[in-house]
Amino acid sequence: MIKKVIPFVHNKLKEIITTDDYVVDGTCGNGYDTLFLARLARKVYAFDINEQAIENTQERMNRNRIYNVELINDSHSNLDNYVEEDIKAAVFNLGFLPGSDERYVTKGESTIKAIKIVQEKLVQGGLICLVVYTGKFGGEEESSELLDYVATLDYDKYNVIKYCYYNKEKAPYVIIIEKQI
Ligand SMILES: C[S@@+](CC[C@H](N)C(=O)[O-])C[C@H]1O[C@@H](n2cnc3c(N)ncnc32)[C@H](O)[C@@H]1O
């Protein structure tokens, strides 16, 4: 069966992440992706600029007795201030926390800055997964900036794929960047 976007991303991550790996959740939100990553990896660095998101994710970790997550209330574009290790995978589930406002929406410029930092830290065979929404608060602009950026990545170093519903306008879609081995 064709997978929806989040299960598609999770499936890809499950194929490569081991308990030796350091990973990043660039936008922890309500902590669903963080929890998924924490159950696979050695450690998750989870970022969000919205304090409410950090609280929600902390609660989810507590409820599930998860202790290998470092929650960081800062932009993912400052990732290199916090993450020293090489990274096996990073997830950026973009947009905003349901119920929050425009202040806390992801933006192309900072998302691309974060992607570039992760590219430097990514191990060969590692993945950067982006879930992109075009519906609200400048999502269309971020989407087009991201597509322009990933189209420039060297074909001999990175595989870039886009996974989308071709017959549904405004549906979220996935970009995966794989650093070649
Ligand atoms: C769609 S939600 C993430 C959903 C989340 N991964 C989950 O499993 O619940 C997007 C999140 O990105 C956060 N965000 C927006 N700009 C950000 C930035 N520059 N750095 C880190 N987080 C950011 C928002 O506050 C919001 O919580």
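The values are calculated or read from the model by the stated rules, or taken from the named source; none is laboratory data. A quick note: this is a predicted structure, and the numbers were derived from the prediction, not measured. For neighbour counting, all protein chains shown are included, and Cβ atoms are generated from backbone atoms with ideal geometry for every residue, glycine included. With ligands, DNA and RNA removed, areas are computed over all heavy atoms of the protein, side chains included. Shrake-Rupley method; radii C 1.70, N 1.55, O 1.52, S 1.80 Å.
Assorted remarks:
Results for (1) open to solvent by 40 Å² or more (accessible area, probe 1.4 Å); (2) among the charged types (D, E, K, R); (3) in contact with a Pro (Cβ under 6 Å, 6 or more places away or on another chain), shown as yes or no for each residue.
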| site | (1), (2), (3) |
| --- | --- |
| Thr27 | no, no, no |
| Asn30 | yes, no, no |
| Val44 | no, no, no |
| Ile49 | yes, no, no |
| Glu55 | yes, yes, no |
| Val69 | no, no, no |
| Leu79 | no, no, no |
| Tyr82 | yes, no, no |
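- Exactly one residue out of Met61, Met1 is under 30 Å from Tyr165 (Cα atoms), more than 16 Å from the chain's Cα centre (by Cα) and more than 10 Å from the ligand (Cβ to nearest atom), and it is Met1.
- Selection status of Asn81, without any contact (Cβ under 8 Å) to a residue 40 or more places away in the chain and either farther than 20 Å from Gly138 by Cα or near the ligand (Cβ under 9 Å from one of its atoms) (or both): yes
- When Gly99, Gly108, Gly95 are checked against the criterion of being open to solvent by 80 Å² or more (accessible area, probe 1.4 Å), among the small types (Gly, Ala, Ser) and within 11 Å of the ligand (Cβ to nearest atom), Gly99 stands alone in meeting it.
- Scanning the range 149-169 for residues that are under 18 Å from the mean Cα position of the chain (by Cα) and of a type outside the set (A, V, I, L, M) yields Tyr149, Tyr158, Asn159, Lys162, Tyr163, Cys164.
- Scanning the range 124-157 for residues that are part of a strand (DSSP E or B), buried (at least 16 other Cβ atoms within 10 Å of the Cβ) and more than 13 Å from the ligand (Cβ to nearest atom) turns up Gly126, Leu127, Ile128.
- Of the candidates Ile17, Ile2, Ile49, Ile54, the single residue that is of a type in the set (Val, Ile, Thr) and at pLDDT below 95 is Ile2.
- Residue list for the range 5-45, filter: within 15 Å of the ligand (Cβ to nearest atom), over 13 Å from the mean Cα position of the chain (by Cα), assigned to a helix (DSSP H, G or I) and under 24 Å from Asp80 (Cβ atoms): Ala38
- One residue from Asn93, Asn81, Asn68 being of a type outside the set (D, E, K, R) and in contact with a Ser or Thr (Cβ under 7 Å, 6 or more places away or on another chain): Asn93
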